[in-house]
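Encoded as structure tokens, here's the structure I'll be asking about.
The values are calculated or read from the model by the stated rules, or taken from the named source; none is laboratory data. The model shown is predicted, which means the values in this text are computed figures rather than measured ones. Cβ: placed from backbone, ideal geometry, glycine included. Neighbour counts: every protein chain shown.
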Amino acid sequence: MIGIGSPCPDGRKPVLMNVAQFGSNGLARIGWMFRSLESRNFRLFYLGQGISLIGTWMQMIAVGWLAYELTEGWPAGVRAIWLGVVAFAGRIPTFLFAPLAGVFVDRWNRRKLIVVTQILAMVQAALLAGLTLARVITLEQVIGLSLALGLINSLDVPARQSFMIEMVDDRAKLGNAIALNSSLVKQRPHCGAGRGGFFSKPWAPDFVSCLMP
């Protein structure tokens, strides 16, 4: 037998368990932390959204880098302003329209809406990649495509959040599903942004722009 833990403050003997018991308990606790992934639909959604969010953030970093390259030779202050405009164009639609979009999402078929938004996001990424690889893209086009992606996300984000609830078979696991999804959304920007910067430096934004959200 192997003692696990230190002596108790009240003088009681520590709980003793063997290695097999300790390992099985640890695995059981890990499984309990991810219990909502037992639902097949939510598991597929969780994995797919993780990949999608990484691609989205890599593209956002590439777009900023692309805007920086397009303004090469401009005064530093002007470049900074246009970089801010590009970032602003990609986020302001979600800030303005997402609360209103949530009202309409509740009235529409969420699955079909997510399929449509993902197709539109794919088209947006394809246009961005095509124009960038052809070396004909302009700063105005970058701003327009960023604005388009922001509009798409203003519908896509509320639809994803509400659709997630429908994919958990056991309602007792719904809280765990919400927690896992929230942690995923918070962690992916760090992974995606880091990878976007890593790939944009040696390969320029051409390759990263091909990534579809």
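Here are Gln49, Gln59: which of them is surrounded by fewer than 19 Cβ atoms within 10 Å (Cβ to Cβ), under 21 Å from Ala121 (Cα atoms), of a type in the set (S, T, N, Q) and in contact (Cβ under 8 Å) with a residue 24 or more places away in the chain?
Values: Gln59 fails: surrounded by fewer than 19 Cβ atoms within 10 Å (Cβ to Cβ).
The conditions single out Gln49.
I'm told Asp156 meets every condition in (1) out of contact with any helix residue (DSSP H, G or I) (no Cβ under 7 Å at 6 or more places or on another chain); (2) touching a residue at least 12 places away in the same chain (Cβ under 8 Å); (3) not β-branched (Val, Ile, Thr) except one. Can you identify the failing condition by its number?
That leaves (1) as the condition not met.
Out of all the residues in the range 92-126, which are in contact with a helix residue (DSSP H, G or I) (Cβ under 6 Å, 6 or more places away or on another chain) and aliphatic (A, V, I, L, M)? Break it down stepwise before answering.
Filtering the range 92-126 for residues in contact with a helix residue (DSSP H, G or I) (Cβ under 6 Å, 6 or more places away or on another chain) gives 93-94, 97-98, 101-102, 105, 110, 113-114, 117, 120-121, 124.
Scanning the range 92-126 gives Ala98, Ala101, Val105, Leu113, Ile114, Leu120, Ala121.
If you don't mind, there's one more thing I want to ask. Determine if the range 137-151 includes at least one residue that is among the aliphatic types (A, V, I, L, M), buried (at least 20 other Cβ atoms within 10 Å of the Cβ) and closer than 19 Å to Asn181 by Cβ.
No; the residues of the range 137-151 include none that is among the aliphatic types (A, V, I, L, M), buried (at least 20 other Cβ atoms within 10 Å of the Cβ) and closer than 19 Å to Asn181 by Cβ.
Can you tell me which residues in the range 137-171 are of a type in the set (A, V, I, L, M, F, W, C), modelled with pLDDT under 85 and over 17 Å from Ala98 (Cβ atoms)?
Ile165, Met167, Val168, listed by residue number.
Also, I was wondering about something else. Test of understanding: among Gly73, Gly77, which residue is free of Cβ contacts under 8 Å to residues at least 40 places away in the same chain and assigned to a loop (DSSP other than H, G, I, E, B)? Give the steps one after another, and end with the answer.
Working: Gly77 fails: assigned to a loop (DSSP other than H, G, I, E, B).
Checking each option against the conditions leaves just Gly73.
Being modelled with pLDDT of 80 or more and of a type outside the set (Gly, Ala, Ser) is the filter here, so list the residues in the range 172-209 that pass it. Full working, then the answer.
Step one: filter the range 172-209 for residues modelled with pLDDT of 80 or more, giving 172-183.
Selection gives Lys173, Leu174, Asn176, Ile178, Leu180, Asn181.
Also, quick follow-up: I'd like the full set of residues that are of a type outside the set (Lys, Arg) and closer than 17 Å to Gln59 by Cα, limited to the range 158-191.
Let us first name the residues in the range 158-191 that are of a type outside the set (Lys, Arg), namely 158-159, 161-170, 172, 174-185, 187, 189-191.
Within the range 158-191, Val185, Gln187, Pro189, His190, Cys191 meet the criteria.
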